[in-house]
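Scroll down for the structure; my scribbles are underneath it.
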Amino acid sequence: DQQVKQNSPSLSVQEGRISILNCDYTNSMFDYFLWYKKYPAEGPTFLISISSIKDKNEDGRFTVFLNKSAKHLSLHIVPSQPGDSAVYFCAASARVSGANSKLTFGKGITLSVRP
Amino acid sequence: GAGVSQTPSNKVTEKGKYVELRCDPISGHTALYWYRQSLGQGPEFLIYFQGTGAADDSGLPNDRFFAVRPEGSVSTLKIQRTERGDSAVYLCASSLTGQTDTQYFGPGTRLTVL
């Protein structure tokens, strides 16, 4: 059973527009959420994170929103650029429950930004 | 500074053979993780080291998989009697302490079992 779900496998947006990538989770123990970006033949690169005590975290063009009651988070990229084209993984960890911050990942969303 | 490195980048082997995959974490990082990414899936946790000890090996699929980190730095993932289903990209990540730090990933080793 998928504890972290990224139900849309792909997203295509025009350069300059907003990209919204969605993620849902089922495990109530998750208290820390991350987004990773992955280019082909490279490992995932950390993008942005959010703790469950917050509902928003912003870093430049990237903002992550967390809705704990809905067990839903989203990544907003504004404005989108062609270099943002990559696979985006949502990940979660249950830090409070133990010292191990192992990550549970979704299947990823392929974002294509059209020039 | 150097990031996480993994060798080899690609490994092709035959069913039933033994393979070793190596991970060099970022210098000074005490926590090291192995993940496996199958086609069309996200990375799945295999094992976590804190220093030299395997603090959590709950993700290892069966006893054909084993990992070591004898000096608290480099780690080796060992797979015995490989099966075609073991074909995947094996990712290694490290973090400073393993508590609340960001995990930094290597480029992965693509394992193909024929």
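Observations
- Residues whose amide H falls under 5 Å from that of residue B:112, counting only those 5 or more places apart or on a different chain, are B:11, B:12, B:13, with hydrogens built in the peptide plane.
- Solvent-accessible area per residue in chain A equals 48 Å², computed with a 1.4 angstrom probe and all protein chains kept.
- Remark: accessible surface ordering of A:31, B:57 (largest first) is B:57, A:31, probe radius 1.4 Å.
- Loop sites in region B:9-114: GluC sites (Glu not before Pro), DSSP, at most 11 other Cβ within 10 Å: B:14, B:71
- Computed from backbone phi, the HN-Hα couplings of region B:96-108 come to 4, 10, x, 8, 10, 8, 5, 8, 10, 9, x, x, x Hz, rounded to whole numbers (Karplus: 6.51 cos²θ - 1.76 cosθ + 1.60, θ = phi - 60°; Gly and Pro given as x).
- Considering only chain B, percent of DSSP beta bridges that pair antiparallel, nearest 5: 90
- Percent of C-alpha pairs per 5 Å bin, the protein assembly as shown, short to long: 1, 7, 14, 18, 18, 17, 12, 7, 3, 1, 0
- Of the trypsin sites (Lys or Arg not before Pro) in region A:1-41, those whose Cβ has at most 14 other Cβ within 10 Å and which sit in DSSP loop: A:17
- Chains A and B together bury roughly 1600 Å² of accessible area, counting both sides, with a 1.4 Å probe on protein heavy atoms only.
- Accessible area of chain B belonging to carbon and sulfur atoms, whole % at 1.4 Å probe: 48
- Using the Cβ of residue A:37 as centre and a radius below 14 Å, the other residues enclosed give a net charge of -1, where K and R count +1 and D and E count -1.
- Karplus-derived 3J(HN,Hα) values for region B:40-49, using 6.51 cos²θ - 1.76 cosθ + 1.60 with θ = phi - 60°, are x, 10, x, x, 10, 5, 10, 7, 10, 10 Hz; glycine and proline are entered as x.
- Between region B:39-66 and region A:55-84, the alpha-carbon center distance in angstrom: 29
- What region B:5-98 shows is 47 Å² of accessible area per residue, with the surface traced by a 1.4 Å probe over protein heavy atoms.
- Restriction of the GluC sites (Glu not before Pro) in region A:1-87 to DSSP coil positions whose beta-carbon has at most 15 other beta-carbons within 10 angstrom yields A:15, A:42.
The values are calculated or read from the model by the stated rules, or taken from the named source; none is laboratory data. Since the model is a prediction, treat every value here as computed from it, not as a measurement. FYI the Cβ positions are ideal-geometry reconstructions off the backbone, even for glycines, and counts take in every protein chain you see. Side chains included, ligands, DNA and RNA excluded: accessible areas come from the protein's heavy atoms. Shrake-Rupley method; radii C 1.70, N 1.55, O 1.52, S 1.80 Å.
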